[in-house]
Amino acid sequence: MTIKNRLISSIGLGLFLISALAASAPLALAADEPVKPPRPLKIDDLFALKEVYDPQLSPDGAWVAYTVTATDLAKESSDTDIWMVPAAGGDPVRVTSSPKSESRPRFSPDGKWLAFLSAREGKQTQVWLLPRSGGEAVKLTDFKTGVSDVVWSPDSKRLALVMKDADPDGAATGGDDEDGDAPAGDVEKPKTPKPIVVRRLQFKRDGAGYLDERRRHIHMFDIAGKTAIQLTSGPFDDSSAVWSPDGMRIAFVSNRTLPDADASQDKNIYVVEAKAGAVPKAVVASPGDDDSPAWSPDGRWLLYLQGCDPKDMWYGSNHIALVPAGGGTPRPLTASIDRNAYTPVFSPDSLYVYFLLEDGGVQPLCRVSVDGGTVERVAGTDREVQAFDVAGKGPVVVLEATTGRPAEISAVGTDGTLARLTHVNDEVLKGIKLGQVRRYKATSKDGTPVDAFLTLPPDYKEETRLPAILRIHGGPTSQFTTGFEFEWQILAAQGYAVITSNPRGSTGYGTTFSRAIFADWGNKDFEDVMAAVDGAVAMGIADPDRLGVGGWSYGGILTDYVITKTDRFKAAISGASGANWLAGYGTDHYQYEYETELGLPWRNRDLWLKLSSSFFDVEKITTPVLYMCGALDMNVPLLNSEQLYQAVRRIGKVRTELVIYPDQWHGIGTPSYQKDRYERYIAWYDGFLKPKGALTGERKPEAMSLLGKPLYPAAAPTDRKKVLEDDLAKATAEFVKNPDSADAILRLGLRTTDLGRYREAIDIYSRGISRHPDDARLLRYRGHRYITVREFDKAISDLSRAAGLLNGKPDIPDTDGAGSTAVPGASAKPANTLQFSVWYHLGLARFLKGDFQGALQAYRECLKAAKGNDESLVSVSDWLFMTLRRLGRKDEAAKVLDVVRPDMKISENMVYLNRLLMYKGTYAPEDLLRTGGSDVDLATYGFAVGNFYLMNGEKDKARAIFERVMKGPAWQAFGYIAAEAELARMK
């Protein structure tokens with residue numbers, strides 16, 4: 001039993017065990033291998049940690065099936081596989097290993113089969129069956145639409161399936177995408193998409209996009225005959241199907257309010273007979289948001305979650321209730337505790353109801369008698385239990401997390417003790433030292449007690465003041481818990497005290513506490529989070545002069561209120577936030593919630609304007625603020641962040657940036673974007689909160705020189721910088737509009753490079769290459785920038801691959817994707833071809849590495865591609881001449897100079913012509929040093945002169961010239977890098 005939409009989730013041993021032992025057994029350390037001391041958490045550890053989810057007990061209680069999700073940063077993807085572990089403890093067994101994900105493992109009641117969902121064949125998620133006696137999984141269903149849920153009938157002969165209606169035009173249809181879980185871009189798009197026609201009141205949903213008339217319905221599938229019957233229909237979404245114990249009926253959840261279900265959230269519990277033509281009957285028809293039905297073992301009762309009063313919306317607490325299976329008056333079981341419950345189920349003996357309870361910063365497994373009475377906390381009172389399962393035999397199992405580790409599966413003892421069954425992340429975590437998380441109570445301005453958490457750096461020394469960051473949770477109706485929070489730990493690993501709290505508006509503290517911010521955002525919750533900060537300052541831990549703030553979703557929204565109400569924070573990060581709520585109506589997916597809480601904007605204008613104070617008070621902001629958002633966000637759409645950024649940037653009083661993640665919904669799912677977000681968090685906070693932060697002195701270097709010196713981009717002149725930033729803004733806008741366009745990616749990378757942000761450009765090209773692996777242009781430019789940052793092997797790999805892709809193909813101009821030269825400031829007409837540029841840079845990378853023979857081969861190919869173009873000819877001839885001299889082939893080198901003439905048609909590469917004329921004897925070396933020009937020109941001339949002395953045996957003179965080049969700022973110039981390489985070789 002798992003919490004749905006949670007933010008931020010006797011086997012035949014022969015075949016399974018043999019295939020799994022190698023994968024599950026950890027390698028032993030060699031006897032002489034030293035044990036490394038634990039290190040602080042790193043961002044890349046996010047992708048080393050795996051997610052355990054969905055524990056399911058076998059009918060005999062002997063085994064637990066579950067899923068494990070692994071993320072591959074390099075492949076920009078994740079893969080979910082099914083595993084099993086003995087419920088009594090023992091080695092885990094890997095059940096699936098296909099490159100496509102598998103989910104929702106479900107045992108058949110007779111114990112013979114394990115069903116699961118996967119799109120391992122084709123694009124649609126279908127049902128697969130795995131025989132537990134051994135053998136391969138077989139594909140059971142082949143619908144035109146994807147299956148989003150599968151439930152066995154008690155006789156193991158049928159399945160209840162939840163599926164979205166098929167597209168009447170025949171296009172492929174995804175699965176349960178209206179839950180907002182579908183990653184953007186998963187479904188292949190037609191070349192020319194159909195027009196989007198909107199008719200529904202609820203016409204969009206984050207993660208799904210624009211909604212059409214198709215709905216999710218329940219189907220009954222006969223396994224032997226492979227036939228299906230649709231049991232429910234109509235303009236309603238149906239979910240949470242559960243069979244009655246006799247297999248004659250199916251209970252489910254649906255909002256079937258007429259005339260328009262989109263106008264309310266009145267979900268109810270229905271029962272339909274498992275036969276064609278049956279009409280669903282409402283068993284529960286209360287006005288709230290009812291959910292999670294479960295049958296009693298004797299079939300007489302239905303257990304369910306009864307929603308709160310609709311006027312309380314998401315601020316109210318639900319409760320568990322019992323209702324006769326044929327309908328009648330519900331009997332509440334947990335209403336008195338005023339806390340949200342999740343996933344209730346009967347105990348096998350029908351005497352108790354097990355459930356999860358959201359309670360004051362923890363989430364334990366609880367139970368209550370079917371007769372009502374006191375709620376008993378069974379397990380996990382100090383942690384976050386995310387899911388659980390019970391069976392007729394065997395233990396209760398839970399998926400539970402602590403502040404020191406992500407969720408793992410444990411068996412619950414009769415005394416509530418937990419025995420770990422899985423150890424998925426133990427190997428990763430044993431080498432990492434995490435920070436301590438302390439709980440404390442703060443007192444808000446009006447005396448309200450506020451739960452708070454303080455995460456400290458791993459090696460924190462008591463009585464030390466630290467820069468501190470207030471991070472605010474989303475929702476607002478959610479809670480921080482004693483579960484594992486990677487964000488807290490990664491910020492603490494950077495030396496920060498991380499302050500978090502559950503301010504009013506949070507759930508887990510009762511309806512009154514949560515409803516305190518109803519139509520009053522940024523007021524009481526502002527006072528509460530500030531009280532948490534004051535508490536950390538009063539402890540002597542948080543430095544009051546070095547405070548940061550931030551959050552995502554409502555955490556970002558409250559951040560926007562915070563920085564218009566106080567100047568105490570030196571840095572802010574507002575993720576996926578909003579401030580001008582008039583702009584939100586109709587552009588996000590909260591039409592019902594807005595009307596319930598605020599009324600309609602044209603009827604209740606004053607309240608809408610009052611709550612938009614963080615936009616209209618924007619001139620009060622004195623805190624540098626970084627805005628971030630996914631380009632496809634329909635929860636709190638990008639336009640909100642754009643408006644705030646535009647306003648703060650226009651006022652110009654504080655530093656601000658806007659980061660947009662292409663093709664992302666409200667949650668950032670692409671692994672490299674997840675990494676980028678954390679890197680930006682750290683860089684932004686470091687820049688303003690640390691004495692020598694990146695933005696106040698010590699900056700993050702773009703590269704390390706071959707001599708061990710950090711290299712930083714030089715600041716462009718103000719007028720030039722404005723032009724470059726405008727060019728980058730245009731390229732960014734184009735990229736956001738066309739994130740799959742290789743041309744847009746190329747231009748974004750080039751314009752980022754113009755500002756000296758080489759690492760960022762490499763990341764841009766890398767994401768482009770993941771989408772366009774055969775685009776030689778992206779490989780050419782990433783290879784170029786690998787040269788810039790002194791990673792020559794990576795440059796050689798990229799450029800060699802690009803050369804292979806271009807082999808035998810017609811040559812094309814080397815442009816920025818729009819027909820212009822890729823070099824800023826150069827003539828509009830490209831001087832070089834793509835093949836020429838690839839071979840040129842490949843030769844350079846090999847020359848810089850000291851592989852002169854490899855460089856010679858590349859430059860000979862480059863010379864062929866020059867095709868008589870004087871601009872290309874002089875640049876390749878220069879490096880070809882130097883390469884031949886380094887190989888001792890002096891006569892061949894002299895012949896290279898035969899084509900060099902002072903009257904060659906050169907405009908952009910005059911420095912190379914002058915270098916060649918020096919080698920030819922037309923100019924003396926000192927003439928070039930007196931020429932002047934840009935910093936790049938001086939580095940280019942300096943290397944040539946030093947190389948002239950070096951190849952003529954005057955090593956001391958050469959060293960002096962190379963060292964002179966090192967004093968200049970143009971470290972990105974090829975001449976500078978080459979001089980640096982020579983000095984490194986001279987050591």
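Among the conditions (1) within 30 Å of residue 599 (Cα to Cα); (2) open to solvent by 10 Å² or more (accessible area, probe 1.4 Å); (3) of a type in the set (Gly, Ala, Ser); (4) more than 22 Å from the chain's Cα centre (by Cα), residue 495 misses just one, which is (1). Looking across the stretch 66-91, the residues that are more than 20 Å from residue 147 (Cα to Cα) and crowded, with 22+ Cβ neighbours inside 10 Å come down to 83, 84, 85, 87.
Only residues that are in a strand (DSSP E or B), over 34 Å from the mean Cα position of the chain (by Cα) and surrounded by 21 or more Cβ atoms within 10 Å (Cβ to Cβ) were counted in the stretch 273-293, giving 2. Cβ-Cβ contacts under 6 Å between residues 6 or more apart (or on different chains), taken from a first residue in the stretch 275-292 that is modelled with pLDDT of 90 or more to a second residue that is small (Gly, Ala, Ser) and surrounded by 14 or more Cβ atoms within 10 Å (Cβ to Cβ), are listed as 283/327; 289/307; 290/307. Scanning the stretch 773-797 for residues that are more than 26 Å from residue 709 (Cα to Cα) and either in contact with a Gly (Cβ under 8 Å, 6 or more places away or on another chain) or open to solvent by less than 30 Å² (accessible area, probe 1.4 Å) (or both) yields a count of 6. Hey, can you tell me all the residues within the stretch 521-547 that are among the aliphatic types (A, V, I, L, M) and either open to solvent by less than 50 Å² (accessible area, probe 1.4 Å) or in contact with a Ser or Thr (Cβ under 7 Å, 6 or more places away or on another chain) (or both)? Residues satisfying the conditions are 529, 530, 531, 532, 533, 536, 537, 541, 542, 547. Taking (1) under 14 Å from residue 577 (Cβ atoms); (2) open to solvent by 50 Å² or more (accessible area, probe 1.4 Å); (3) under 17 Å from the mean Cα position of the chain (by Cα) in turn, residue 632 satisfies each apart from (1). Pairing residues of the stretch 325-336 that are over 14 Å from residue 308 (Cβ atoms) and at pLDDT 90 or above with residues that are open to solvent by 50 Å² or more (accessible area, probe 1.4 Å) and part of a loop (DSSP other than H, G, I, E, B), at Cβ distances under 8 Å and at least 6 apart in sequence or on separate chains, gives 325/300.
Which of the following residues is out of contact with any Gly (no Cβ under 6 Å at 6 or more places or on another chain) and under 22 Å from residue 461 (Cβ atoms): 540, 505? Break it down stepwise before answering.
Working: 505 fails: under 22 Å from residue 461 (Cβ atoms).
The match here is 540.
For residue 787, the conditions (1) within 21 Å of residue 73 (Cα to Cα); (2) modelled with pLDDT of 95 or more; (3) hydrophobic (A, V, I, L, M, F, W, C) are fulfilled apart from (1).
Are any residues in the stretch 294-307 touching a strand residue (DSSP E or B) at 6+ places or on another chain (Cβ under 8 Å) and either surrounded by 23 or more Cβ atoms within 10 Å (Cβ to Cβ) or part of a loop (DSSP other than H, G, I, E, B) (or both), and if so, which ones? Walk me through it before giving the result.
As a first pass, look at the stretch 294-307 and keep what is touching a strand residue (DSSP E or B) at 6+ places or on another chain (Cβ under 8 Å): 294-297, 300-307.
Scanning the stretch 294-307 gives 295, 296, 297, 300, 302, 303, 304, 305, 306, 307.
The residue of the stretch 247-263 that is farthest from residue 294 (Cα to Cα), among those that are among the small types (Gly, Ala, Ser) and in a strand (DSSP E or B), is 254.
Scan the stretch 193-247 for residues that are among the basic types (Lys, Arg) and surrounded by 14 or more Cβ atoms within 10 Å (Cβ to Cβ) and jot them down.
First, the residues of the stretch 193-247 that are among the basic types (Lys, Arg): 194, 199-200, 204-205, 214-216, 226.
Scanning the stretch 193-247 gives 200, 204, 205, 214, 215, 216.
Conditions (1) in contact with a Cys (Cβ under 7 Å, 6 or more places away or on another chain); (2) assigned to a helix (DSSP H, G or I); (3) open to solvent by 60 Å² or more (accessible area, probe 1.4 Å); (4) not small (Gly, Ala, Ser), marked per residue:
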position: 928; (1), (2), (3), (4): no, yes, no, yes
position: 943; (1), (2), (3), (4): no, yes, no, yes
position: 953; (1), (2), (3), (4): no, no, yes, no
position: 957; (1), (2), (3), (4): no, yes, yes, yes
position: 968; (1), (2), (3), (4): no, no, no, no
position: 971; (1), (2), (3), (4): no, no, no, yes
position: 978; (1), (2), (3), (4): no, yes, no, no
position: 982; (1), (2), (3), (4): no, yes, no, yes
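Among the candidates 517, 469, the residue that is open to solvent by less than 30 Å² (accessible area, probe 1.4 Å), part of a loop (DSSP other than H, G, I, E, B) and at pLDDT 95 or above is uniquely 517.
For the stretch 726-742, enumerate the residues that are crowded, with 19+ Cβ neighbours inside 10 Å and more than 23 Å from residue 787 (Cβ to Cβ). Let's see the steps before the verdict.
Taking the stretch 726-742 as the starting set, the residues that turn out to be crowded, with 19+ Cβ neighbours inside 10 Å are 728, 731-732, 734-735, 739.
Residues satisfying the conditions are 732, 734, 735, 739.
Pairs linking a residue in the stretch 50-66 that is on the phi > 0 side of the Ramachandran plot to a residue that is assigned to a loop (DSSP other than H, G, I, E, B) and open to solvent by 40 Å² or more (accessible area, probe 1.4 Å), with Cβ atoms under 8 Å and 6 or more positions apart or on different chains, are 61/392; 61/393; 61/394. Selection over the stretch 379-394 of residues that are assigned to a strand (DSSP E or B) and at pLDDT below 95 gives a count of 1. Give me the residue from the stretch 546-572 that is part of a strand (DSSP E or B) and over 12 Å from residue 686 (Cα atoms) and, out of that set, nearest to the chain's Cα centre (by Cα). Ranking the qualifying residues of the stretch 546-572, first place goes to 552. When every residue of the stretch 405-424 is checked against the conditions, none turns out to be outside any strand (DSSP E or B), touching a strand residue (DSSP E or B) at 6+ places or on another chain (Cβ under 9 Å), within 17 Å of residue 294 (Cβ to Cβ) and not hydrophobic (A, V, I, L, M, F, W, C).
If residue 149 satisfies all but one of (1) over 30 Å from residue 235 (Cα atoms); (2) among the acidic types (Asp, Glu); (3) buried (at least 19 other Cβ atoms within 10 Å of the Cβ), what's the number of the condition it fails? Going through (1) over 30 Å from residue 235 (Cα atoms); (2) among the acidic types (Asp, Glu); (3) buried (at least 19 other Cβ atoms within 10 Å of the Cβ) one by one, residue 149 breaks only (1).
Within the stretch 51-62, which residues are in a loop (DSSP other than H, G, I, E, B) and surrounded by 19 or more Cβ atoms within 10 Å (Cβ to Cβ)? So that I can check it myself, show each step before the final result.
We begin by selecting, within the stretch 51-62, every residue in a loop (DSSP other than H, G, I, E, B); these are 58-62.
Correct list: 58, 59, 61.
Within the stretch 612-636, which residues are assigned to a strand (DSSP E or B) and among the small types (Gly, Ala, Ser)? Before you say what the answer is, go through the steps one by one.
Looking only at the stretch 612-636, we keep the residues that are assigned to a strand (DSSP E or B), and these are 625-630.
Selection gives 630 alone.
Here's the yes/no breakdown for (1) modelled with pLDDT under 95; (2) open to solvent by less than 10 Å² (accessible area, probe 1.4 Å); (3) within 24 Å of residue 975 (Cβ to Cβ); (4) of a type in the set (Val, Ile, Thr):
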{"position": "763", "(1), (2), (3), (4)": "yes, no, no, no"}
{"position": "768", "(1), (2), (3), (4)": "yes, yes, no, no"}
{"position": "771", "(1), (2), (3), (4)": "yes, no, no, no"}
{"position": "799", "(1), (2), (3), (4)": "no, yes, yes, no"}
{"position": "806", "(1), (2), (3), (4)": "yes, no, no, no"}
{"position": "812", "(1), (2), (3), (4)": "yes, no, no, yes"}
{"position": "815", "(1), (2), (3), (4)": "yes, no, no, yes"}
{"position": "819", "(1), (2), (3), (4)": "yes, no, no, no"}
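The values are calculated or read from the model by the stated rules, or taken from the named source; none is laboratory data. Predicted model only: the values in this text are computed from it and were never measured. Neighbour counts run over all protein chains shown; Cβ positions are idealised from the backbone, glycine included. Remember, those area values only see protein heavy atoms, side chains included, never the ligands or the DNA or RNA. Shrake-Rupley method; radii C 1.70, N 1.55, O 1.52, S 1.80 Å.
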